[in-house]
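Okay, structure first, notes after.
The values are calculated or read from the model by the stated rules, or taken from the named source; none is laboratory data. Here the structure is a predicted model, which means the values were calculated and not measured. Cβ placement follows ideal geometry from the backbone for every residue including glycine, while neighbour counts extend to all protein chains displayed.
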Amino acid sequence: MNTDALQSFIKTAELLHFGKASQACNLSPSALTRTIQRLEEEVGQALFLRDNRSVALTDAGRKLLRYARMTVKDWQEFQESLPSDQAVSGTLSLYASITAVYSLLPKLLEAYRTAYPDVQLELTTGAADKAIEEVLSGEIDLAVAALPDQKHPRIEFLPLAETPLVFIAPKEAGS
């Protein structure tokens, strides 16, 4: 059973922003729009009210959101209940700063998906200074972001990389 469309719908309903939801789902905006349109065709009703400035759930969208959350949760619990020959499976929710998304995550996620193909990754992006808050809330399993000025005692920090920063300026004339 493929629950990707329902998961994309859930993320869009939570964020009420197609651009942010497409990033979180690792989809292009047009692919996310097509996914939502297919769901709307299956339901036979609009799920979102959209204009140039805002996105809101319709009554049908709110009903589907409850159903989608239950369905995805039940499916994940079912998958986790099956014997898996010691394979790692489940869902890993990851929060990443925009910088990490573009610099570190592509290689890290590729290696992770190769090592753990049965783990469903849920990526949320945002400001680095929100990473600790996201992990402490319990909604996110782990975060990849710049090291904060102050560490939190309930959070473990493991360095992934050191990013060299350099000053770039034009050469002086005559040097």
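Of all residues in the range 126-144, those being within 14 Å of the chain's Cα centre (by Cα) and in a loop (DSSP other than H, G, I, E, B) number 4.
Return the pair list, or none, for Cβ contacts closer than 7 Å from residues in the range 134-152 that are closer than 17 Å to residue 101 by Cβ to residues that are surrounded by 10 or more Cβ atoms within 10 Å (Cβ to Cβ) and of a type in the set (D, E, K, R), at least 6 apart or on different chains. That search, which allows pairs on different chains as well, returns 140/134; 143/134. Each residue in the range 1-42 was checked for being more than 20 Å from residue 75 (Cβ to Cβ) and either free of Cβ contacts under 8 Å to residues at least 12 places away in the same chain or not hydrophobic (A, V, I, L, M, F, W, C) (or both), and 15 of them qualify.
Here is a yes/no grid of residues against (1) modelled with pLDDT of 95 or more; (2) aliphatic (A, V, I, L, M):
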site: 34; (1), (2): no, no
site: 41; (1), (2): yes, no
site: 44; (1), (2): yes, no
site: 67; (1), (2): yes, no
site: 94; (1), (2): no, yes
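It is to be established whether one or more residues within the range 115-125 are in a helix (DSSP H, G or I) and without any contact (Cβ under 8 Å) to a residue 40 or more places away in the chain. Yes, the range 115-125 has at least one match. For the range 35-64, name all the residues that are assigned to a helix (DSSP H, G or I) and within 11 Å of residue 16 (Cβ to Cβ). Matches in the range 35-64: 61 only.
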